[in-house]
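Peer 1: The structure is given below, and queries will be raised subsequently.
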Amino acid sequence: MNRPLISTTKTSTDIAIVNIEINSDRLQEEIETLANFSEVSAPAVTRVLFSDEDVAARNFLRDRCREVGLEIREDPIGNMFATWPGTDRSLGAVGTGSHTDAIPNAGKYDGVVGVLGGLEAIRALKESCYQPRHDITLIPFTAEEPTRFNAGCLGSRMMCGAVTPEKALSLMDKEGVCLDEWRNRAGYSGDLAEVQCREGDFSAFVELHIEQGPELEEAKEDIGAVTAIAAPAGYGLRILGEGGHAGAVLMPKRQDAFMGAAEIALALEMLAKNSGSPDTVATIGVVEVLPGAINGIPNETRLEIDVRDISLESRDKVLEDFRAKVTEICERRQLRQVWTEFNCDPPATCAPHIVDAVETASAEFGLKCRRMVSRAYHDAVFMARLAPTAMIFIPCYKGYSHRPDEYSSPQEIANGVKVLAHTLKTLAG
Ligand SMILES: [Zn+2]
């Protein structure tokens, strides 16, 4: 009995939706332009926080946002807020965005699709003559990648208060240059306490991103509606032993810091494989052996360790067992251990109403959508502490990411932008 009414409402929405036209050529041109702000030549991209290339990319973005008539604000850590004012400014903004920094020798699409795609979604909505009730704010976040300060998602982390201004000011890069100096060089200053958002600043957040995994491409699906985001724990671990001459010190007498570290690495792999959770992953991506001579027994080995899971319980159990194992190995081999915590974040659960909105939008455009988890972490993890949040994934070639051959096709990107625009429209009223 209600059917005719529902159907009428839906039809009127349909008409409005059909009006969303994505200008794929304009978007592709901008992606190419942004890729040129890089320390290395195309197709590779290196754009580290507050480098000249990062600053140039920020200038480019700011200009593009101004052209569209968005209100620009930048906070003291360099997060940008480009806002399309809604008709009721007392309401929390609907946020979208991602990052434009890139790790050394990365690709063109990680983060960029969410920033330039977010801008294109706003332009498309404006061109469709839609007027939002809530503000719609595009946020290019500062330093999603941990390259300079070993602190991933620095901008969004500070927005939700997960990093205090004092902690941020204590950050130092490998050359000993502190955060304050770097941000001043890039043109940012002011009280870092102002970075933290207030409750109600945002009513929702949705981030468009390449999947960085192979699931969508393998399943020939267009859109991933992300239901949960795995959170990483990152640690530095120094294993300290006794150096000596590689020929002169006999095996029973050795306290070899690298052999201990090697056993520790394999123990971590075993724990992750046997955690009972298919989502547990553990990686040691950095190993430094000191003094680093073929004829010198290593007196120190530095490891950087990353452990993730969608389930906090599974991840923390692996970490707990790993610490016990490291202690056992160190005692047996007469080594010492020194830990540094880089980050240890809980995973995020996405807001069901936004996941639904993403699915609905996909259906409206005839796109195949699946619900999935994000195994990489994103600024959305921290935005989820400020507002209901979800993510939209698009396929990328073979799941490649953080490498120069990272690729999503213009069509795949346009699909994601359409779904994002539709979702923003649903959320912004
Ligand atoms: Zn990213």
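Peer 1: Is it the case that some residue within region 262-274 is surrounded by 12 or more Cβ atoms within 10 Å (Cβ to Cβ), touching a Ser or Thr at 6+ places or on another chain (Cβ under 8 Å) and not in a helix (DSSP H, G or I)?
Peer 2: Within region 262-274, none of the residues are surrounded by 12 or more Cβ atoms within 10 Å (Cβ to Cβ), touching a Ser or Thr at 6+ places or on another chain (Cβ under 8 Å) and not in a helix (DSSP H, G or I).
Peer 1: Quick test for you: out of D306, D321, pick the one residue that is under 29 Å from A168 (Cβ atoms) and touching a residue at least 12 places away in the same chain (Cβ under 8 Å). Let's see the steps before the verdict.
Peer 2: On the way: D321 fails: under 29 Å from A168 (Cβ atoms).
Going through D306, D321 in turn, just one is under 29 Å from A168 (Cβ atoms) and touching a residue at least 12 places away in the same chain (Cβ under 8 Å): D306.
Peer 1: Scan (1) surrounded by 24 or more Cβ atoms within 10 Å (Cβ to Cβ); (2) within 14 Å of the chain's Cα centre (by Cα) for the single condition S362 breaks and write down its number.
Peer 2: All conditions are met except number (2).
Peer 1: Please specify each residue of region 276-312 satisfying the condition of being acidic (D, E) and assigned to a strand (DSSP E or B). Reasoning before the result, please.
Peer 2: Filtering region 276-312 down to residues acidic (D, E) leaves 279, 288, 300, 304, 306, 309.
Matches in region 276-312: E288, E300, E304, D306, D309.
Peer 1: It is to be established whether one or more residues within region 180-192 are surrounded by 23 or more Cβ atoms within 10 Å (Cβ to Cβ) and in contact with a helix residue (DSSP H, G or I) (Cβ under 7 Å, 6 or more places away or on another chain). Step through it out loud before you land on a result.
Peer 2: Of region 180-192, the ones surrounded by 23 or more Cβ atoms within 10 Å (Cβ to Cβ) are none.
There is no residue in region 180-192 that is surrounded by 23 or more Cβ atoms within 10 Å (Cβ to Cβ) and in contact with a helix residue (DSSP H, G or I) (Cβ under 7 Å, 6 or more places away or on another chain).
Peer 1: Report, by residue number, each residue of region 72-131 that is under 21 Å from the mean Cα position of the chain (by Cα) and among the acidic types (D, E).
Peer 2: Across region 72-131, the qualifying residues are E74, D75, D101, D110, E120.
Peer 1: Which residues, taken from region 206-236, are of a type in the set (D, E, K, R) and within 14 Å of the ligand (Cβ to nearest atom)?
Peer 2: Filtering region 206-236 down to residues of a type in the set (D, E, K, R) leaves 207, 211, 215, 217-218, 220-222.
Those that are of a type in the set (D, E, K, R) and within 14 Å of the ligand (Cβ to nearest atom): E207, E211.
Results for (1) of a type in the set (S, T, Y); (2) within 30 Å of S38 (Cβ to Cβ); (3) out of contact with any Phe, Trp or Tyr (no Cβ under 8 Å at 6 or more places or on another chain); (4) buried (at least 24 other Cβ atoms within 10 Å of the Cβ), shown as yes or no for each residue.
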| residue | (1), (2), (3), (4) |
| --- | --- |
| K368 | no, no, yes, no |
| V373 | no, no, yes, no |
| V419 | no, yes, no, yes |
| L424 | no, yes, yes, yes |
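Peer 1: Hand me the list of strands (runs of 3 or more DSSP E) wholly inside region 313-429 holding 3 or more residues that are modelled with pLDDT of 95 or more, within 30 Å of M251 (Cα to Cα) and outside the structural domain of V40 (by TED's automatic domain parsing).
Peer 2: Numbers: elements: 336-344, 369-374, 389-394.
Strands (runs of 3 or more DSSP E) meeting the threshold: 336-344.
Peer 1: Give region 145-164 a look and list any residue that's within 16 Å of the ligand (Cβ to nearest atom) and either under 16 Å from A348 (Cα atoms) or not assigned by TED's automatic domain parsing to the domain that holds L49 (or both), or say none. I'd like the intermediate steps shown before the answer.
Peer 2: Start the filter on region 145-164 by keeping residues that are within 16 Å of the ligand (Cβ to nearest atom), which leaves 145-148, 151-157.
Selection gives G152, C153, S156, R157.
Peer 1: Identify the residue in region 79-104 that is of a type in the set (A, V, I, L, M) and more than 15 Å from the ligand (Cβ to nearest atom) and, among all such residues, is surrounded by the fewest Cβ atoms within 10 Å (Cβ to Cβ). I'd like the intermediate steps shown before the answer.
Peer 2: Going through region 79-104, the residues of a type in the set (A, V, I, L, M) turn out to be 80, 82, 91, 93-94, 102-103.
Checking the rest, the ones that are also more than 15 Å from the ligand (Cβ to nearest atom) come to 80, 82, 91, 93-94.
Details: M80: 23, A82: 26, L91: 16, A93: 27, V94: 27.
So, considering only residues that are of a type in the set (A, V, I, L, M) and more than 15 Å from the ligand (Cβ to nearest atom), the one surrounded by the fewest Cβ atoms within 10 Å (Cβ to Cβ) is L91.
Peer 1: Same structure again: Name every residue in region 408-417 that is touching a residue at least 24 places away in the same chain (Cβ under 8 Å) and more than 14 Å from V115 (Cα to Cα), in order of residue number. I'd like the intermediate steps shown before the answer.
Peer 2: Of region 408-417, the ones touching a residue at least 24 places away in the same chain (Cβ under 8 Å) are 408, 410-417.
Those that are touching a residue at least 24 places away in the same chain (Cβ under 8 Å) and more than 14 Å from V115 (Cα to Cα): S408, P410, Q411, E412, N415.
Peer 1: Could you give me the residue pairs with C-beta distances under 8 Å whose first residue belongs to region 99-119 and is farther than 19 Å from N79 by Cβ and assigned by TED's automatic domain parsing to the domain that holds P43, whose second residue is more than 10 Å from the ligand (Cβ to nearest atom) and in a helix (DSSP H, G or I) wherever it lies, and which are 6+ apart or on separate chains?
Peer 2: Hits for this filter: K108/I31; K108/E32; K108/L34; K108/A35; Y109/I31; Y109/I413.
Peer 1: Is it the case that some residue within region 102-114 is within 20 Å of V195 (Cα to Cα), of a type outside the set (D, E), out of contact with any Pro (no Cβ under 6 Å at 6 or more places or on another chain) and in a strand (DSSP E or B)?
Peer 2: The initial filter retains those residues of region 102-114 that are within 20 Å of V195 (Cα to Cα), namely none.
No, because not a single residue in region 102-114 is within 20 Å of V195 (Cα to Cα), of a type outside the set (D, E), out of contact with any Pro (no Cβ under 6 Å at 6 or more places or on another chain) and in a strand (DSSP E or B).
Peer 1: Output yes when any residue across region 118-126 is within 14 Å of the ligand (Cβ to nearest atom) and either out of contact with any helix residue (DSSP H, G or I) (no Cβ under 9 Å at 6 or more places or on another chain) or not acidic (D, E) (or both), and no when none is. Spell out how you get there, then give the answer.
Peer 2: Narrowing region 118-126 to residues within 14 Å of the ligand (Cβ to nearest atom): 118.
Right, trim to either out of contact with any helix residue (DSSP H, G or I) (no Cβ under 9 Å at 6 or more places or on another chain) or not acidic (D, E) (or both) and you get 118.
The answer is yes, given that some residue of region 118-126 is within 14 Å of the ligand (Cβ to nearest atom) and either out of contact with any helix residue (DSSP H, G or I) (no Cβ under 9 Å at 6 or more places or on another chain) or not acidic (D, E) (or both).
Peer 1: Of E194, E207, E181, E221, which residue is under 20 Å from the mean Cα position of the chain (by Cα) and modelled with pLDDT of 95 or more? Explain how you work it out, then say what you get.
Peer 2: Numbers: E194 fails: under 20 Å from the mean Cα position of the chain (by Cα); E181 fails: under 20 Å from the mean Cα position of the chain (by Cα); E221 fails: under 20 Å from the mean Cα position of the chain (by Cα).
One residue alone meets the criteria, E207.
The values are calculated or read from the model by the stated rules, or taken from the named source; none is laboratory data. The shown structure was predicted, so the numbers you read here are calculated from the model rather than taken from an experiment. A quick note on method: Cβ atoms are made from the backbone with ideal geometry, for glycine too, and the neighbour counts reach across all protein chains shown.
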